[in-house]
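Visitor: Pasting a structure here, questions to come.
The values are calculated or read from the model by the stated rules, or taken from the named source; none is laboratory data. Since this is a predicted model, take the numbers as computed values, not measurements. Here the Cβ is made from the backbone with ideal geometry for all residues, glycine too, and neighbour counts use every protein chain on show.
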Amino acid sequence: MTLTERSRPSVDLDVRPLSGTIGAEIAGVDLSVELDDDTVAAIRRVWLERRVVFFRSQHLTTEQHERFASRFGELTPGHPVLGGVEGHPSVFEIDYSASREVYAHYGDVATRSAGLDWHTDVTFVERPPSASILNAVVIPPSGGDTMWSDQVAALAALSPSLQGYLATLTAVHDGRAAFGAQLARRDGGGEWEGEVLSSLEPVRHPVVRVHPETGERALFVNPGFTSHVEGLHPDESAMLLSFLYTHSVRPEFVVRHHWTPGDIAFWDNRVTQHSVVGDYGDARRVIQRVSLRGERPH
């Protein structure tokens, strides 16, 4: 469903699409103030269509970041294992220069890397976040871009026969390789959806999920957390996932954002993957993330 097929918002936003299917900059909106309902609805419509939207040079405080995010859903804990920042449990601070060992196995990225491989946030829980909102706090003088890939477009580009087969499959998502050691060291375990997370048990998600708001179908596997496809021989599963991982991030499905201080990026975690480019050397890069509670994928 496209924006033209939905009811038109009453607020006329200044929207600049950034590629054929994914990404848009929204200008002329001040996120530091309380937004009215019509503006929130208009942003949501663009966000649903474009998968990820960007607001330049907002320079939000942590409180303003949380307030903006809360207009679109219920905030989750900052991270089910790593937690949030002091005084703001819903805010997860990503600072590789301070703690690169935390990300040593995240998406099979080596400790020496300052980036992250392609992934969808927190798919190793039964109800992954529906959305994430990043606030650029400290940006390196060069490098450190983030890329997002449109998983609706990626699925649609496959043959109808393969789409039909994938829709019958279930994949297992497992966070133990990435965060099992950190959870074991954390006193009392982590937290997710109001419950203590004492272990990271693998979960099952459909390989093709249906978006609960738009009805669109999207690929829902990622190299960060998907371990295998159920019912296939290990070699078959590995080959199929390898093909899907390569296909799903083809250039025509990807938008790349070059950060400037104060930028906000707001993406639909249900239909995207994203990756951080680790090309900024020893420079510092600090970005804070707030996520929204999601649904069980179907």
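Visitor: Here is a list of conditions, (1) farther than 22 Å from His79 by Cβ; (2) touching a Lys or Arg at 6+ places or on another chain (Cβ under 8 Å), and Met147 meets all of them except one; can you say which number that is?
Guide: Going through the list (1) farther than 22 Å from His79 by Cβ; (2) touching a Lys or Arg at 6+ places or on another chain (Cβ under 8 Å), Met147 breaks only (1).
Visitor: Taking the criterion of being of a type outside the set (A, V, I, L, M), within 26 Å of Arg285 (Cα to Cα) and buried (at least 18 other Cβ atoms within 10 Å of the Cβ), would at least one residue in the range 159-176 satisfy it?
Guide: yes
Visitor: Quick one: would you say Gly23 is modelled with pLDDT under 95 and touching a Pro at 6+ places or on another chain (Cβ under 8 Å)?
Guide: Spelling it out, it is not the case that Gly23 is modelled with pLDDT under 95 and touching a Pro at 6+ places or on another chain (Cβ under 8 Å).
Visitor: Taking the conditions exactly as written (at pLDDT 95 or above and in contact with a helix residue (DSSP H, G or I) (Cβ under 8 Å, 6 or more places away or on another chain)), does Leu75 satisfy them or not?
Guide: yes
Visitor: Taking Ser199 and the conditions (1) in a helix (DSSP H, G or I); (2) touching a residue at least 12 places away in the same chain (Cβ under 8 Å), which numbered condition does it fall short on, given that it satisfies the others?
Guide: Ser199 satisfies all of (1) in a helix (DSSP H, G or I); (2) touching a residue at least 12 places away in the same chain (Cβ under 8 Å) except (1).
Visitor: I've got another one for you. Between residues in the range 20-40 that are free of Cβ contacts under 8 Å to residues at least 40 places away in the same chain and residues that are acidic (Asp, Glu), which pairs lie under 9 Å by C-beta distance while being six or more apart or on different chains?
Guide: Once the first residue is free of Cβ contacts under 8 Å to residues at least 40 places away in the same chain and sits in the range 20-40, its partners that are acidic (Asp, Glu) give Ala24/Glu49; Glu25/Asp14; Ile26/Asp14; Ala27/Asp14; Gly28/Asp14; Val29/Asp14.
Visitor: Now for a different question. Take the residues in the range 279-298 that are surrounded by 22 or more Cβ atoms within 10 Å (Cβ to Cβ) and part of a strand (DSSP E or B); name whichever of them is nearest to the chain's Cα centre (by Cα).
Guide: Ser291
Visitor: While we're here: Can you find a residue that is modelled with pLDDT under 95, surrounded by fewer than 17 Cβ atoms within 10 Å (Cβ to Cβ), closer than 28 Å to Thr21 by Cβ and not small (Gly, Ala, Ser) anywhere in the range 88-96?
Guide: No, the range 88-96 contains no residue that is modelled with pLDDT under 95, surrounded by fewer than 17 Cβ atoms within 10 Å (Cβ to Cβ), closer than 28 Å to Thr21 by Cβ and not small (Gly, Ala, Ser).
Visitor: Please determine, by comparing only the residues of the range 215-264 that are charged (D, E, K, R) and farther than 24 Å from Ala24 by Cβ, which one is surrounded by the fewest Cβ atoms within 10 Å (Cβ to Cβ).
Guide: Here the answer is Asp235.
Visitor: Report yes if some residue within the range 270-278 is part of a helix (DSSP H, G or I), surrounded by fewer than 20 Cβ atoms within 10 Å (Cβ to Cβ), of a type outside the set (Gly, Ala, Ser) and within 18 Å of the chain's Cα centre (by Cα); otherwise report no. Can you show your working first?
Guide: Step one: of the range 270-278, the residues part of a helix (DSSP H, G or I) are none.
Looking through the range 270-278, none of the residues is part of a helix (DSSP H, G or I), surrounded by fewer than 20 Cβ atoms within 10 Å (Cβ to Cβ), of a type outside the set (Gly, Ala, Ser) and within 18 Å of the chain's Cα centre (by Cα).
Visitor: Here's a follow-up. Looking at the range 98-109, is at least one residue hydrophobic (A, V, I, L, M, F, W, C), within 12 Å of Val276 (Cβ to Cβ), part of a loop (DSSP other than H, G, I, E, B) and at pLDDT below 95?
Guide: yes
Visitor: I'm trying to understand the selection: among the residues of the range 56-72, which are among the aromatic types (Phe, Trp, Tyr) and surrounded by 22 or more Cβ atoms within 10 Å (Cβ to Cβ)?
Guide: Phe68
Visitor: Select the strands (runs of 3 or more DSSP E) contained entirely in the range 112-175, then report the ones holding at least 2 residues which are of a type in the set (S, T, N, Q).
Guide: Details: elements: 116-119, 131-138, 146-150, 170-173.
Because the criterion is at least 2 residues that are of a type in the set (S, T, N, Q), the strands (runs of 3 or more DSSP E) in the range 112-175 that meet it are 131-138, 146-150.
Visitor: Tell me which residues, restricted to the range 62-92, are within 17 Å of Val29 (Cβ to Cβ) and without any contact (Cβ under 8 Å) to a residue 24 or more places away in the chain.
Guide: Ser70
Visitor: Could you tell me how many of the residues in the range 202-216 are touching a residue at least 40 places away in the same chain (Cβ under 8 Å) and outside any loop (DSSP other than H, G, I, E, B)?
Guide: So the count comes out to 6.
Visitor: Right, something else. Take the residues in the range 168-206 that are touching a strand residue (DSSP E or B) at 6+ places or on another chain (Cβ under 7 Å) and of a type in the set (D, E, K, R); name whichever of them is nearest to Phe225 (Cα to Cα).
Guide: Looking at the filtered set, the residue picked out is Asp174.
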